[in-house]
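A short write-up of the structure that comes next.
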Amino acid sequence: MAGEQSYSYEQAGVSIAAGNALVRAIGPLVKATARPGADAELGGFGGFFDPKAAGYSDPLLVAANDGVGTKVKLAIDHDRHDTIGIDLVAMCVNDLIVQGAEPLFFLDYFATGKLDNGVAQRVVASIADGCKLAGCALIGGETAEMPGMYAAGDYDLAGFCVGAVERGEQLTGDKVAEGDVLLGLASSGVHSNGYSLVRRLAADKGWKLDRPALFDQEKLLIDALIEPTRIYVASLLPIIRQGRIHALAHITGGGLLENVPRVLPAGLHATIEADAWEQPRLMAFLQAQGNIEPAEMARTFNCGIGMVLAVAPDQADAIAADLRQAGETVFRIGGIGTGQRGCTVKGAAGCWSGQDDWTATHHA
């Protein structure tokens with residue numbers, strides 16, 4: 001009707017042109033993740049993957065999805081967008097590898113109130129970096145611009161990954177037996193769990209995140225806290241395919257206490273000796289700053305162990321050597337015995353500073 005205002009999507013806060021420009025900009029990043037089975041081209045309504053081209057004859061597909069929690073807020077507040085996508089990929093692919101599955105392809109979801117193509121491109125570039133580390137193809141995703149849903153500058157991420165394992169070769173924990181040895185692979189930092197507590201401590205204690213960390217004068221505190229989650233796929237996959245691992249546990253929310261029992265059959269109990277590895281200085285800092293009880297540490301943070309393996313005792317030394325050769329830091333942290341299904345972490349000076357003796361147990 002004459003004289004009435006003409007509305008547009010862009011006036012409402014959504015720029016189709018900006019979205020199209022982002023797709024064009026990230027095209028080369030996505031293409032760089034191509035692998036057998038996927039050409040990693042963008043532009044269709046969905047992404048194709050050919051398991052036969054990836055070398056599988058009778059695969060079981062395994063799917064996982066996750067986010068990175070409030071670690072995203074640290075990245076936003078401190079302009080650290082160049083590694084947060086590695087966290088996103090890691091949280092999904094590390095969950096797949098514990099099933100014995102090779103990550104094949106990944107899709108991401110990026111949501112924001114107002115699209116900033118510079119920030120979005122940095123985030124997607126870091127997702128592509130994570131996919132290359134995991135050996136999976138970034139075959140698609142979604143960028144959602146939603147005015148009014150997010151504060152200015154804020155965004156959130158979700159990731160979705162599909163992997164494959166040949167039928168009969170999947171890891172279910174059914175091979176775990178009394179006498180198995182537990183090996184722990186070192187984490188790279190806090191990974192992507194416990195950041196609501198980290199951020200609460202930072203606010204309450206007045207941390208200066210842009211200054212050198214008290215525990216490492218060569219690194220800014222924000223850089224120590226934002227260190228991306230380690231991706232364990234490349235080092236673990238060859239050993240899994242040799243049939244030498246009985247079970248794997250990805251140490252995420254719930255820590256050692258709650259994640260290890262998830263891969264144990266009924267009637268078996270895991271015992272972990274906390275003095276088998278040195279507590280990382282970052283973890284000691286968090287514990288001291290928050291006066292955090294040892295049991296609370298064991299169910300909130302990874303405490304320096306990002307992945308736990310259950311292996312036969314006569315294989316433990318050889319597997320540890322192979323993993324060290326692949327670049328992992330490996331500790332022999334405990335074993336499997338009989339009892340109610342669960343996990344006991346027995347502590348002394350090693351992992352839990354300031355405690356002479358304590359025991360924390362979680363039953364599944």
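One table, with the values for the structure above:
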{"item": "Sites matching GluC sites (Glu not before Pro) across segment 139-212 that sit in DSSP coil, with at most 14 neighbouring C-beta atoms within 10 Å", "result": "Glu169, Glu178"}
{"item": "Theoretical ellipticity at 222 nm over the chain - DSSP helices of four or more residues, -39500 (n - 2.57) apiece, nearest 500", "result": "-9000 deg cm²/dmol"}
{"item": "Phi to ³J(HN,Hα) by Karplus 6.51 cos²θ - 1.76 cosθ + 1.60 over segment 257-267, Hz, x for Gly, Pro", "result": "4, 9, 8, 4, x, 5, 10, 9, x, 4, x"}
{"item": "Helix 84-97 vs. the chain, principal-axis angle (Cα, 0 to 90°, nearest 10)", "result": "50"}
{"item": "Difference of contour (0.36 nm per residue) and Cα-Cα distance, Gln217 to Gln325", "result": "35.9 nm"}
{"item": "Accessible surface ranking that places the most exposed of Thr359, Thr112, Thr70 first, with a 1.4 angstrom probe", "result": "Thr359, Thr70, Thr112"}
{"item": "Cα lying deepest toward the dipole's positive end in segment 123-255, options Val181, Leu209, Gly168, charges on Cβ", "result": "Val181"}
{"item": "Stretch gain in nm, segment Arg200-Tyr109, where the contour uses 0.36 nm per residue and the Cα spacing is subtracted", "result": "30.1 nm"}
{"item": "Listed residues Ile336, Gln289, Ser57: farthest to the positive end of the dipole of the chain (Cβ charges)", "result": "Gln289"}
{"item": "Amide proton proximity set for Val68, modelled H, under 5 Å, gap of 5+", "result": "Leu157"}
{"item": "Cβ-placed point charges (K, R +1; D, E -1), dipole of the chain about Cα centre in debye, nearest 20", "result": "120"}
{"item": "Paramagnetic reach from Ala12 (point 7 Å along Cα→Cβ, amide N under 15 Å) across segment 147-186", "result": "147-149"}
{"item": "Vicinal HN-Hα couplings computed from phi for segment 103-115 (Karplus, 6.51 cos²θ - 1.76 cosθ + 1.60; Hz; Gly/Pro x)", "result": "x, 9, 8, 9, 10, 10, 10, 10, 10, 8, x, 9, 5"}
{"item": "Long-range HN-HN contacts of Ala364 with modeled amide H, under 5 Å", "result": "Gly342, Cys343"}
{"item": "Residue-wise HN-Hα coupling along segment 197-204, computed from phi with Karplus coefficients 6.51, -1.76, 1.60 (Hz; x: Gly, Pro)", "result": "6, 4, 5, 5, 4, 4, 6, 6"}
{"item": "Spacing of the two label points (7 Å from each Cα toward its C-beta) at Arg332 and Ala152, in nm", "result": "5.9"}
{"item": "Exposure rank, largest accessible area first [Phe331, Phe106, Phe285; 1.4 Å]", "result": "Phe331, Phe285, Phe106"}
{"item": "Förster radius 45 Å - calculated FRET efficiency between Ala364 and Asp39, Cβ distance, rounded to 0.05", "result": "0.60"}
{"item": "Residues listed by number, segment 255-294, amide nitrogen under 19 Å from Asp314 label point at 7 Å toward C-beta", "result": "none"}
{"item": "Distant-in-sequence amide H partners of Leu220 (H built 1.01 Å from N, under 5 Å)", "result": "Ala213"}
{"item": "Accessible area per residue, Å², the chain with all protein chains present, probe 1.4 Å", "result": "45"}
{"item": "FRET E, pair Arg262, Ala21, Förster distance 51 Å, beta-carbon r, rounded to 0.05", "result": "0.75"}
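The values are calculated or read from the model by the stated rules, or taken from the named source; none is laboratory data. Quick caveat: nothing in here was measured; it's all calculated off a predicted structure. Note: ideal-geometry Cβ built from the backbone for every residue, glycine included; neighbour counts use all protein chains shown. We work out accessible area using only protein heavy atoms, side chains counted, and drop any ligands, DNA or RNA first. Shrake-Rupley method; radii C 1.70, N 1.55, O 1.52, S 1.80 Å.
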